[in-house]
1. Among the helices (runs of 4 or more DSSP H) lying completely within region 199-258, list those that include at least 2 residues that are hydroxyl-bearing (Ser, Thr, Tyr).
2. Which condition does ARG132 not pass, out of (1) of a type outside the set (Val, Ile, Thr); (2) touching a helix residue (DSSP H, G or I) at 6+ places or on another chain (Cβ under 8 Å); (3) modelled with pLDDT under 90, if it passes all the others?
3. Taking region 507-517 as the region of interest, how many residues are at pLDDT below 90 and of a type in the set (D, E, K, R)?
4. Among the numbered criteria (1) crowded, with 21+ Cβ neighbours inside 10 Å; (2) assigned by TED's automatic domain parsing to the domain that holds ARG51, which one does LEU195 miss?
5. Pairs under 9 Å by beta carbon, first residue among the small types (Gly, Ala, Ser) in region 338-361, partner part of a helix (DSSP H, G or I), six or more apart or different chains?
6. Does region 307-320 contain at least one residue that is assigned to a helix (DSSP H, G or I) and modelled with pLDDT of 80 or more?
7. PRO475 - would you say it is free of Cβ contacts under 8 Å to residues at least 40 places away in the same chain and out of contact with any Gly (no Cβ under 9 Å at 6 or more places or on another chain)?
Amino acid sequence: MKQLLICLSLLATQVQVALANNDSLLTELDNTIRLTASFDAARIKEIDQMRQSLGAAGQAPAEVFARHEKIYEAYKIFNYDSAYSYAMKLVRIAADMNDAGYRVAATMKLSFILLSTGLYKETHDSLASLSRQVIPDSLKGDYYALWGRYYYDLAGYANDKYHSVDYDVHGNHFLDSALAWYQPGSFEHDYYYGLKYFKQSDRAEAARFLGQLMARPDLTQHQLALTASTLSAVYQQIGDIDQSIDLLVRATVADIKSSTKETVAIFHLAELLYKKGDLRHAALCIESAIANAAFYGARQRKVQVSSILPLIESERINGMEKQRSLLIRYATVVTLLVLALVVLTWIILRQVKKLKQTQEALRAANVAQQAINQQLQESNRQLAEVNEKLEEANKIKEEYIGYFFNMDSEFYSKIDKIKTTIEQKLQDKRYEDIRFFLNKIDARKEKNELLLSFDKIFLKLFPHFVQEVNTLLRPEEKIVLRDGELLNTDLRIFALMRMGVADPEKIASILEYSVKTIYSYKSRVKNKALVPGDEFEERIMQFKTL
């Protein structure tokens, strides 16, 4: 125990350089979760670019395998269905190549993706089929590590004192075999040593290997997430929950940045935050964990999430009920005190009559209480949505009130200047100068400046509007603005709709087009979309202000 404390103390000194306190890390987590869609969009764009190279003619079989393998690697922690599809393609390509090494590599990739989605029987059958084949030395480390992870995952899934112990023993056995084939100093070598010691309850050695990995600057985001998540379990076992939360936050942020959907870090983070009483962040994390599990298709993650989600939601509802009851009590006390000072005698006379009415209302309330409790959760959710929309509407209103006051001020200044100039020329009887002066007024230029001002204030509220619209369009139909252009007519129509101007006639009046032209512009853009037209407009209306 003393050795463990010394090791963890030294490790904490190393890791603390990279870790801030819980509050700052949770703030970073909030910001990163909000950017999840942009990270995922970048991953999808990267994969689309790789897929474009698949159809090139004249490729050797090994090159075809390598290109499909690269796409599989991009999908394997991102989306099960796509990863499985490319794993099966690799199996078929390897079969056509009639090369034992490629067949083993393809089957291992298929086994990995089956394990990642919780298909344990299928994983076992796939791995067992490799036992009858010769495993190349270059793949033996990964082969045995895959068996080890299979048994570790079974242990975590069973989560009992009967079967889990045996599964962990089998996992340790295979991990020992894997470590004999990994190069010392490699990530896999140090990580799996740390994992093996952790599974054997040798926390000092586990912390030493994992801590050394955390200090390395060359880790990928996925490797950082894997290491931090495992190291957090060591701290959790010794009761250092704050340090465990810090590491899980780092793991979760790294997972989001690498678009890793097959992950348990965010689930464990939600569980610890719930136990610590941070229900807001716990709910945020569990919602993200649900979204990750649904997007990836990980069955075992959905089961894990279902165990903690009801507890968090129940605690949130209880907290809201307590706050509501407290506010009601405060309001009642204040009201009664004020009324007591003003009409105390009147209250006494009315209490006898009100007592009967209250008793009747109480009986009716008791009858309705069960139905109200069932509706409360839905009402709270709708209230949260309404509050969010009201907050956004208030922000838009404040920005545009200021904007239009400023525009009105400039407009009336121009009018006053014109009036003063014309009055002066009338006094001087310089009538031709008046006509010349009026001809210099360019209404079109004024209109363009007005639209430019609208564009600027709109993009201040929705700085990512153009990029978000483009994510709804097919890749080849994305909108590209000209130099110096903030919004074009297509974007401006939907920008007005996002601001709440839904009437096509009002939009046509603002932009000085016919209603038919507005419909034409809208239809043209929606025909380029990845989603149906009605859904396209709904997605536009869901864009958030900065």
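1. Numbers: elements: 203-214, 221-237, 241-257.
By residue number, 221-237, 241-257.
2. Single failed check for ARG132: (2).
3. 1
4. (2)
5. Here the result reads ALA340/ILE347, each pair linking region 338-361 to a residue that is part of a helix (DSSP H, G or I).
6. The initial filter retains those residues of region 307-320 that are assigned to a helix (DSSP H, G or I), namely 307-320.
So of that shortlist, the ones also modelled with pLDDT of 80 or more come out as none.
So far as region 307-320 goes, no, none of its residues is assigned to a helix (DSSP H, G or I) and modelled with pLDDT of 80 or more.
7. no
Table: residues versus (1) out of contact with any helix residue (DSSP H, G or I) (no Cβ under 6 Å at 6 or more places or on another chain); (2) in the same structural domain as VAL91 (by TED's automatic domain parsing); (3) without any contact (Cβ under 8 Å) to a residue 60 or more places away in the chain.
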| residue | (1), (2), (3) |
| --- | --- |
| ALA41 | no, no, no |
| GLN52 | yes, yes, yes |
| GLY58 | yes, yes, yes |
| PRO61 | no, yes, yes |
| ARG67 | yes, yes, yes |
| TYR72 | no, yes, yes |
| TYR75 | no, yes, yes |
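The values are calculated or read from the model by the stated rules, or taken from the named source; none is laboratory data. Just so we're clear, the structure is a prediction, and the values are computed from it rather than from any experiment. Cβ: placed from backbone, ideal geometry, glycine included. Neighbour counts: every protein chain shown.
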